[in-house]
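Below: one structure, written as structure tokens.
What follows draws every value from the coordinates through simple rules; no lab data is involved. Small disclaimer: the values here were computed from a predicted structure and weren't measured. Here the Cβ is made from the backbone with ideal geometry for all residues, glycine too, and neighbour counts use every protein chain on show.
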Amino acid sequence: MSKSPVRAQAEGAGRVSGEENSAVGEQVSPKSIKGAKTDKSMKASKAGKAAKAVKAAGAAEAVEAGKAVKTARTGEGGEAAKQAQRAGKPESRLAMVRRARKINRELAEVYPYAHPELDFRNPFELLVATVLSAQTTDLRVNQTTPALFAKYPTPEDMAAAVPEELEQIIRPTGFFRAKAKSLLGLSAALRDDFGGRVPGRLEDLVRLPGVGRKTANVVLGNAFGVPGITVDTHFGRLVRRWKWTEQEDPEKVEAEICAIFPKSEWTMLSHRVVFHGRRICHSRKPACGACPIAPLCPAYGEGETDPEKARKLLKYEMGGYPGQRLAPPPDYPGRPAAPLGTGDE
């Protein structure tokens, strides 16, 4: 039986444990070991009670119950990390890698259903949808592509489209003239150079008009099963917020994050980080008080730390709202989005 996302969030928070939560790899002095054992027993008892609260809590209370579990087991981990930073204690690369990988494991528990949030049925549809997603939301793309693919289901069809008609269909996604030019160009290239099929190699994809490394990695990872890191706006700001990298250039970010994680994790890591950025770790006001990885985050406290106020900041399925896909995967726990023009989007 699948867990609700909020329940998964609460239980994911409960799995975060004490000493590994330090964002700066602080050492424990020998004199404190005896006291730490007693304190650990008391925390374990509190954590057990809090865990029972999670099981008894409804969906609306699970976030607060999850924070109780997390607090019982870890204390103020995020604040400890900030204090260590203020004290000038640098985090070693080994400690950062360990913390980064633990965050990935926690996110895997919170978002076991993470997936690309663009609707698609084949590599061509994913490629087109990803190009359209620039400077707009996946929701707006998903509301636009049904009519687009109904009229132009193949590269050959789209390559032969009347530009003005294509522009009119994709107008809701913004920058429609530039996007229409890219779609016409990549469709013609697929028709003429690749037999009407989307290639499964990075070097071929980036040759297509309007296709860069980000788009290529989305297509490779989700249509061909080739691992890749997708550095979009959400991914870039979160990995910098978590101190995994200081790079701003997407290709440099990609290279540094690839060096931290095994290749087999690259695609799903991308989905988990983007999911977290859209649902909890928002750009201007992150929901720190409802975040299951707060003890591992050196930026804890930049957002709302009050659990009740933070819970109101949660978006999409985490907040009980529709997701971005009109046709989500079968295991997605949230509600599908509304089609364009229904008044509910």
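Over the C-alpha trace of segment 123-223, radius of gyration and Dmax come out as 12.1, 32 angstrom. Put simply, the amide H of Arg335, placed in the peptide plane, has neighbours under 5 Å in Gly323, leaving out anything fewer than 5 places away on its chain.
Taking the Cα centre of segment 123-223 as origin and assigning +1 to Lys and Arg Cβ atoms and -1 to Asp and Glu Cβ atoms, the resulting dipole is close to 300 debye. Here the spin labels are modelled as points 7 Å beyond Cα on the Cα-Cβ line, and at Thr233 and Ser264 they lie 3.5 nm apart. On the beta carbon distance between Lys309 and Lys89, with R0 = 41 Å, the FRET formula returns roughly 0.85. Take every pair of alpha-carbon atoms less than 8 Å apart whose residues are at least six positions apart; their mean separation over the length of segment 123-223 yields a relative contact order of 32 percent.
Label point of Glu156 set 7 angstrom out along Cα-Cβ; within segment 185-214, amide nitrogens under 15 Å from it belong to 187-198. Rounded to the nearest Hz, the phi-derived 3J(HN,Hα) couplings of segment 207-212 under the Karplus curve 6.51 cos²θ - 1.76 cosθ + 1.60 (θ = phi - 60°) are 7, 6, x, x, 10, x, where x marks glycine and proline.
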